[in-house]
1. Please state which of the following conditions residue 280 fails to meet, knowing it meets all the rest: (1) modelled with pLDDT under 50; (2) open to solvent by 50 Å² or more (accessible area, probe 1.4 Å).
2. Collect the residues in region 226-248 that are open to solvent by less than 40 Å² (accessible area, probe 1.4 Å) and not in a strand (DSSP E or B), keeping them in residue-number order.
3. Quick one: in region 335-350, which of the residues that are surrounded by fewer than 22 Cβ atoms within 10 Å (Cβ to Cβ) and over 22 Å from residue 93 (Cα atoms) is modelled with the lowest pLDDT?
4. Mind listing whichever residues of region 75-86 are in contact with an Asp or Glu (Cβ under 7 Å, 6 or more places away or on another chain) and either crowded, with 17+ Cβ neighbours inside 10 Å or modelled with pLDDT of 95 or more (or both)?
5. Among 186, 155, which is free of Cβ contacts under 8 Å to residues at least 24 places away in the same chain, in a strand (DSSP E or B) and touching a Ser or Thr at 6+ places or on another chain (Cβ under 9 Å)?
6. Which is within 30 Å of residue 55 (Cβ to Cβ), of a type outside the set (A, V, I, L, M, F, W, C) and either assigned to a strand (DSSP E or B) or modelled with pLDDT of 95 or more (or both), of 254, 268, 286?
7. Out of all the residues in region 320-353, which are without any contact (Cβ under 8 Å) to a residue 40 or more places away in the chain and more than 25 Å from the chain's Cα centre (by Cα)?
8. Would a scan of region 351-373 turn up a residue that is at positive phi, exposed (fewer than 15 other Cβ atoms within 10 Å of the Cβ), at pLDDT below 95 and not polar (S, T, N, Q)?
Amino acid sequence: MNNHSLLLSSTQLFAQPLALSLALFSGLAQSSEHSDTQASQADEPPAKIYATQFQTENWGLGIGVRRGDIPFVAEDDEVYDVLPMIKYRNDYFFINGMEAGAHLWKNDEHQVNLYTRFRFVDIPQELQNESQSQAFDLGLQYRFLLDAWEFDVAFMSDSNKRSYGYTRTQYHWEYGDWYLNPYAEFQWKSAGFNQHYYGLDQYETGGGIEFNAGIKTRYHLYSNLYLLGQFGVGRIDDETANLPTMDTQYQFESFLGFGFFPDFSNKSAKSKATKVESRVSASNGSDGEFIRVAHGWATPSNLNAIFSWQTQTDPYNNQFTSVFYGTRLTDTLFNFPIELYFTPGLVWHHDSEVQSNLAEGVVAIKAFYTFEFGPRWRLGVAEGLSYVSSVTYIEGSELEEKGYKPSKLLNYLDFSLDVNMGDLFNNRTMDKMWLGYSIHHRSGIYEKSSAFGRIGGGSNYQSLYLQWHF
């Protein structure tokens, strides 16, 4: 399909730092008192304005596969994406899968939000790394909440000021282990938007209205484990659909995955979990928040080599310094003493002979498991998103060797092992301080996600850190 080469000049992922920054700075604005309030939300009755548990829960972590129809003239009819998803909300901002926002003003029923959401451009997989035309767009959103109903209107723009807007209506319904979320949406797209993304800057067309409708569903399997699904259909306006670049007027999409969310289903299990939470908190000597300060060193080795103690040294000695904030979401997962934290962070990559100073923002959810082997030890694993202001040398050089165009937005993983310093030095005044080692990992999930530029590879840093709970 020759016309798709014109997608190479499409929009950059400029709005991706917004989703990360919203979480980072709004998360740091929370007080300990607010964190404690969130931790006890599971024991409180739902807020009056909300009608379902889905609306009241404040965290979730999932992953799945999205299938989308390709509406263009092309040999391929469909494309698949692996999508990791985070759900988190507080009084200042929200992240819900592929959309996020910061509250500029809100009350119980009304919200005005600085808003971003991911816009898919379904093209053949082999074109997506070079194109990277889908992105998080930026805009303003008004939302009205009425029990199980939500009504949205937003005005959006891509990085080149191609504008569009939408209005959306959705309904939340729960019964037993089932949650259903039917939705309908109208999108008003400008002529410039349609000419670029559908006419591929080769054919002129006017603005148009696209209609999308579908249903999202969630089924409770066991404890914190849920099955996720979605099916939707979109109809492109007649004028746009008749462009020579287009093959069909209708697009179908579906999603299937699994996730971890609060478990409200079993009161006895919930009571048991509450008791376990109290024991874990007392054992760990930790309150609901933490600050982690780390310094890391780059390595050209992949994760398998690092885990097998065969790590190579970066010849240019690239380093970073990071600060992460954490606020606890729950003390138990599957009724085991596994703590979950929402943890945004800022990473400063220092200049070297091969790179300039650059910044990185991270949003993640991290799990900790505590065990005793002499002193108390903790294993930690985090999943999230990472955005860099400029691609690091250690990452860019690897991708260049493999023939990939770099992506500033990538999947983020963190693996850590730390020890309690109060136990280590037999000093109770240091009981809330942990000394640890971590692996800071960015990657594109083995070319499986167009959200990360269809990249196979990334970067790894090993770091030492101090983490203080308060």
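The values are calculated or read from the model by the stated rules, or taken from the named source; none is laboratory data. Remember, predicted model here, so these are calculated numbers, not experimental data. Counting neighbours? That spans all protein chains shown, and the Cβs are built from the backbone with ideal geometry, glycine included. Surface accessibility is based on the protein's heavy atoms, side chains included, excluding ligands, DNA and RNA. Shrake-Rupley method; radii C 1.70, N 1.55, O 1.52, S 1.80 Å.
1. Tallying (1) modelled with pLDDT under 50; (2) open to solvent by 50 Å² or more (accessible area, probe 1.4 Å), residue 280 fails exactly one: (2).
2. 236, 237, 240, 241, 243, 245
3. Selected residue: 335.
4. 79, 84 - these are the residues of region 75-86 that are in contact with an Asp or Glu (Cβ under 7 Å, 6 or more places away or on another chain) and either crowded, with 17+ Cβ neighbours inside 10 Å or modelled with pLDDT of 95 or more (or both).
5. Criteria check complete, one pass: 155.
6. 254
7. The answer is 350, 351, 353.
8. The answer is no, given that none of the residues of region 351-373 is at positive phi, exposed (fewer than 15 other Cβ atoms within 10 Å of the Cβ), at pLDDT below 95 and not polar (S, T, N, Q).
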